[in-house]
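Everything below concerns the one structure shown next.
The values are calculated or read from the model by the stated rules, or taken from the named source; none is laboratory data. Remember, it's a predicted structure, so these values are computed and weren't measured experimentally. A quick note on method: Cβ atoms are made from the backbone with ideal geometry, for glycine too, and the neighbour counts reach across all protein chains shown.
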Amino acid sequence: MSEDTIRIALTKGRLERDTVNLFESLNFNVTALKDKGRKLILPIEGQNIEVVLAKAADVITYVEHGVCDIGVVGKDTIMEHGGKYFEIADLGFGKCKFALAGKKGRDFYYGYGVKTVASKYTNVTRAFFESKGMDVDIVKIEGSVELAPLLGLADGIVDIVETGTTLKENGLEVYEDIAQISARLIVNTVSMKLKKDRIDALVRLIDNKLGEN
Ligand code: PRP
């Protein structure tokens, strides 16, 4: 990567659309990003920026390894994955929350037995219950974790809640909020020094734009 180029790893999917809209509002040329076909690396012409489309956890990996300077990734992935990079801005979109949820009308904390909690986010789950000094069995589920309490595998789940529709339509409810989530800008620690001026300028542009809303 040329020293003048800034490479941004962008989480594919929901955050991708909001980020492309943000770039467009900065008057960046997002033609390539909008008409990407199956391409994974797209230029923002005239800005010397390259956008890499990746899965959330991989955004962090690419930024940590310095092959991308900047990443756009959800706080959920940051909390689960950890790692060494700077988290420098809250982009304000991709809002949702981590919550403990389970079957409607149940008291999760009732009784003395060790509870079973299902989640795709086992580190977040562990940290949450450790902070309460509570011992739980954690079962890793890869998707549609709402199934676990319905099938009797778990007393509760730790998952992302956005509109609450998935919980509601499956007879579940939030027992407790754990953390608010939104899209964040992360920066490689070396890029932060070597490309400071360009990164500062980009972050200033974004901050000003977000401040307008
Ligand atoms: C997430 C989450 C819930 C759902 C919540 O799943 O795991 O299932 O969204 O959204 P809601 O509150 O608006 O109903 P996602 O669609 O990301 O897929 P996944 O099951 O593969 O994680």
Restricting the stretch 176-196 to residues that are buried (at least 19 other Cβ atoms within 10 Å of the Cβ) and either within 16 Å of the ligand (Cβ to nearest atom) or without any contact (Cβ under 8 Å) to a residue 60 or more places away in the chain (or both), the residue that is nearest to Ala118 (Cα to Cα): Ile178
Output for the stretch 34-62, where each listed residue is part of a loop (DSSP other than H, G, I, E, B) and over 17 Å from the mean Cα position of the chain (by Cα): Asp35, Lys36, Gly37, Arg38, Lys39, Leu40, Glu45, Gly46, Gln47, Asn48
Tally of residues being surrounded by 15 or more Cβ atoms within 10 Å (Cβ to Cβ) and touching a helix residue (DSSP H, G or I) at 6+ places or on another chain (Cβ under 9 Å) across the stretch 158-172: 6
Residues that are under 16 Å from Phe98 (Cβ atoms) and away from the ligand (no atom under 11 Å from the Cβ), drawn from the stretch 119-133: Thr122, Asn123, Val124, Thr125, Arg126, Ala127, Phe128, Phe129, Glu130, Ser131, Lys132
Any hit, the stretch 147-157, residues being touching a helix residue (DSSP H, G or I) at 6+ places or on another chain (Cβ under 6 Å) and in contact (Cβ under 8 Å) with a residue 60 or more places away in the chain: no
Test: residue in the stretch 134-151 that is over 20 Å from the mean Cα position of the chain (by Cα), assigned to a loop (DSSP other than H, G, I, E, B) and crowded, with 16+ Cβ neighbours inside 10 Å: no
Criterion violated by His65 - all others in (1) within 30 Å of Phe128 (Cα to Cα); (2) under 16 Å from the mean Cα position of the chain (by Cα) satisfied: (2)
Where a residue in the stretch 96-115 is of a type in the set (Lys, Arg) and its partner, wherever it lies, is exposed (fewer than 11 other Cβ atoms within 10 Å of the Cβ) and at pLDDT 95 or above, with Cβ under 8 Å and at least six apart: none
Residue match in the stretch 69-79 (condition: hydroxyl-bearing (Ser, Thr, Tyr) and either assigned to a loop (DSSP other than H, G, I, E, B) or closer than 21 Å to Ala154 by Cα (or both)): no
Given (1) surrounded by fewer than 20 Cβ atoms within 10 Å (Cβ to Cβ); (2) within 21 Å of Asn123 (Cβ to Cβ); (3) not hydrophobic (A, V, I, L, M, F, W, C), number of the condition Glu50 does not satisfy: (2)
